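The values are calculated or read from the model by the stated rules, or taken from the named source; none is laboratory data. Every value quoted in this text rests on a predicted model; they were computed, and no experiment measured them. Note that each Cβ is placed from the backbone with ideal geometry, even for glycine, and that neighbours are counted across all protein chains shown.
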Amino acid sequence: MDAKETVMNVLKDITGTDLSDKMDENLFETGLIDSMATVELLLNLQDELGIDVPISEFDRQEWDTPNKIINKVESM
Amino acid sequence: MVNIQPYGTPEYFALIILFLLPIIIGLFNGRRFVNYETLFSLVFLVLTFGGSKWQQGVALIGYVIFEVITVGVYARYRAKQNNTAPFVWAVIIAIIPLVIVKVTPAIEGGKQSLIGFLGISYLTFKSVQMIMEMRDGSIKEFHPLAFIRFILFFPTISSGPIDRYRRFHKDYVQIPDKDRYLKMVDKAVFYIFQGFLYKFVLGYLFGKLLLPIVAHQAMLQRSAFFHTGLSLPLLGYMYTYSMYLFFDFAGYSLFAVAISYLMGIETPMNFNKPFASHNIKDFWNRWHMTLSFWFRDFIFMRFTFFIMKHRWIKNRIRVSQLAYLVNFLVMGFWHGVTWFYIVYGLFHAAAMIINDIWLRFKKKHKGIPHNRFTEGFAIFLTFNVICFSFLIFSGFLNTLWFK
């Protein structure tokens, strides 16, 4: 599975919503993701992709849409 | 010697802007006069913590030395190793002075600790933040002077907003270009006048003129409603105090942000129309934002991360509920060790938990109507929940019931 697919699956798990047609939707503003969901996202990225993102490095503005998250993950 | 409290009177602004002029002219020409700025900060620190408050000044100096050593030693350790125990110890040691200052009045019958000074909380938030971000590897180098400049940054020293080291340092090193700086000055002027309106007009109206009247009325009704003191004047006190709290603090925060801007530092804003919140979660993203974000990033998220990583509690809903409780209890104790601050914390934790239950329910049941009326009702309900929490926070119930 590539990074994009993994991220989309993780997001679907966490938000309970299929986001494939909402790639540029702001997940924090719409309330789909909150602090708790953020922590789940980080833990899942760690478990499934081996990507270690410390909480200090999590700048909401850089992670607020599915597309941005995928770009972030792919750049690591 | 004189003692002047920050942003206390309009004259203070005349004085600070006069002293700021060289800095403003320098920044306008793309230069930061480091020596002058240091001298300027020293003069205003002496004005705030000198004169009749000299004991606080001594406490401040002692505190800064203590934190520089604590953070510095941890930084040296972290450069070589990264075990959990030294990190935990560094955090504990860094908060010891604040804990002493907060606990002393509770056990010594209201007597203030000798090591306390105005703003110790805000300096501690900044110190703990340094240690946590070093632990994460986000801050790699420790420069004692840059650290001191950050925690003692004069405009925000007494009550925030709480900035982040990396953000602050970037602004300090990188002087804004002329266009950007002009925009910042423009905003600063606007914020100062908005602050005047908030703090000196509306804050004064609600806090100094109306509040004593409703307080007196509410005290006359102490025996109302089966001796609970629940009365219309008490309701009046609740709303009046809430308005006072907002306008006074938001006004102060606007001043702190404005003076920061004039010094070329984009200190983050603290309030974003909190009374227009749709729910309590929304409220904490709008009220005293730099504090609630600090709690979110350094307590709530770290706590949930830790619990879930070690799989101590499997149910994610329970984890978040426990985290709310820890988060807001710590916030309550931080405000002060009195029953009403702690109940205030518990109240907000409960409100957050109930709100999450509702949000989950709403997500499951798609048929729940959502229109302008329900939105208006949500804002109204949230506003009243907030105001009630501020009534607890005010400590007035303590006077009403126990004094």
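Quick rundown of the values:
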| quantity | calculated |
| --- | --- |
| Positions within the stretch B:348-382 being out of contact with any Phe, Trp or Tyr (no Cβ under 9 Å at 6 or more places or on another chain) and outside any helix (DSSP H, G or I), in sequence order | B:HIS365, B:LYS366, B:GLY367, B:PRO369, B:HIS370, B:ASN371 |
| Filter result (surrounded by fewer than 13 Cβ atoms within 10 Å (Cβ to Cβ) and either charged (D, E, K, R) or in a helix (DSSP H, G or I) (or both)) within the stretch B:9-37 | B:PRO10, B:GLU11, B:ALA14, B:LEU18, B:LEU21, B:ILE25, B:ARG31, B:VAL34, B:ASN35 |
| First in the stretch A:45-58 and surrounded by 15 or more Cβ atoms within 10 Å (Cβ to Cβ), second anywhere and aromatic (Phe, Trp, Tyr), Cβ under 8 Å, 6 or more apart | A:ILE55/B:PHE305 |
| Pair list, Cβ < 7 Å and 6+ apart or interchain, from the stretch B:371-393 residues that are aromatic (Phe, Trp, Tyr) to residues that are modelled with pLDDT under 95 and surrounded by fewer than 14 Cβ atoms within 10 Å (Cβ to Cβ) | none |
| Residues (over 27 Å from the mean Cα position of the chain (by Cα), more than 23 Å from A:GLU40 (Cα to Cα) and among the hydrophobic types (A, V, I, L, M, F, W, C)) located in the stretch B:311-368 | B:ILE368 |
| Any chance B:VAL173 is away from every other protein chain (no Cβ under 14 Å) and without any contact (Cβ under 8 Å) to a residue 12 or more places away in the chain | yes |
| Residue identified as not assigned by TED's automatic domain parsing to the domain that holds B:PHE255 and not in a helix (DSSP H, G or I) among B:GLN112, B:GLN56 | B:GLN112 |
| Condition check for B:ASN82: loosely packed, with under 15 Cβ neighbours inside 10 Å and assigned to a loop (DSSP other than H, G, I, E, B) | yes |
| Whichever residue in the stretch B:264-292 is of a type in the set (A, V, I, L, M, F, W, C) and buried (at least 19 other Cβ atoms within 10 Å of the Cβ) and, among such residues, is nearest to B:ALA188 (Cα to Cα) | B:ILE265 |
| Elements of type helices (runs of 4 or more DSSP H) contained in the stretch B:226-332, each with 1 or more residues being of a type in the set (Lys, Arg) and at negative phi | B:280-284, B:301-309 |
| Some residue of the stretch B:192-210 being under 30 Å from A:SER56 (Cα atoms) and in a helix (DSSP H, G or I) | no |
| Selection from the stretch A:41-76 of residues that are under 18 Å from B:SER320 (Cβ atoms) and not in a loop (DSSP other than H, G, I, E, B) | A:LEU41, A:LEU42, A:LEU43, A:ASN44, A:ILE55, A:ARG60 |
| Where a residue in the stretch A:59-71 is surrounded by fewer than 14 Cβ atoms within 10 Å (Cβ to Cβ) and its partner, wherever it lies, is assigned to a helix (DSSP H, G or I), with Cβ under 7 Å and at least six apart | A:GLU62/A:LYS68; A:GLU62/A:LYS72 |
| Residue in the stretch B:332-354 that is farther than 28 Å from B:ILE307 by Cα, of a type outside the set (Ser, Thr, Tyr) and at pLDDT below 95 present | no |
| Residue count, the stretch B:297-351 (criterion: within 13 Å of chain A (Cβ to nearest Cβ) and touching a residue at least 60 places away in the same chain (Cβ under 8 Å)) | 2 |
| Residue that is under 20 Å from B:LEU391 (Cα atoms), in the same structural domain as B:ILE307 (by TED's automatic domain parsing) and surrounded by fewer than 16 Cβ atoms within 10 Å (Cβ to Cβ), where the choices are B:TRP334, B:TRP339, B:TRP358 | B:TRP339 |
| Number of positions in the stretch B:229-284 that are modelled with pLDDT under 95 and under 23 Å from B:HIS169 (Cα atoms) | 0 |
| Any hit, the stretch A:33-40, residues being modelled with pLDDT of 90 or more, more than 14 Å from chain B (Cβ to nearest Cβ), surrounded by 15 or more Cβ atoms within 10 Å (Cβ to Cβ) and in a loop (DSSP other than H, G, I, E, B) | no |
| Cβ-Cβ under 7 Å pairs, at least 6 apart or on other chains, the stretch B:110-132 side without any contact (Cβ under 8 Å) to a residue 12 or more places away in the chain and more than 14 Å from chain A (Cβ to nearest Cβ), far side among the polar types (S, T, N, Q) and in a helix (DSSP H, G or I) | B:LYS111/B:THR104; B:GLN112/B:THR104 |
| Scope the stretch A:5-20; condition in contact (Cβ under 8 Å) with a residue 40 or more places away in the chain and not in a loop (DSSP other than H, G, I, E, B); matching residues | A:THR6, A:VAL7, A:MET8, A:LEU11 |
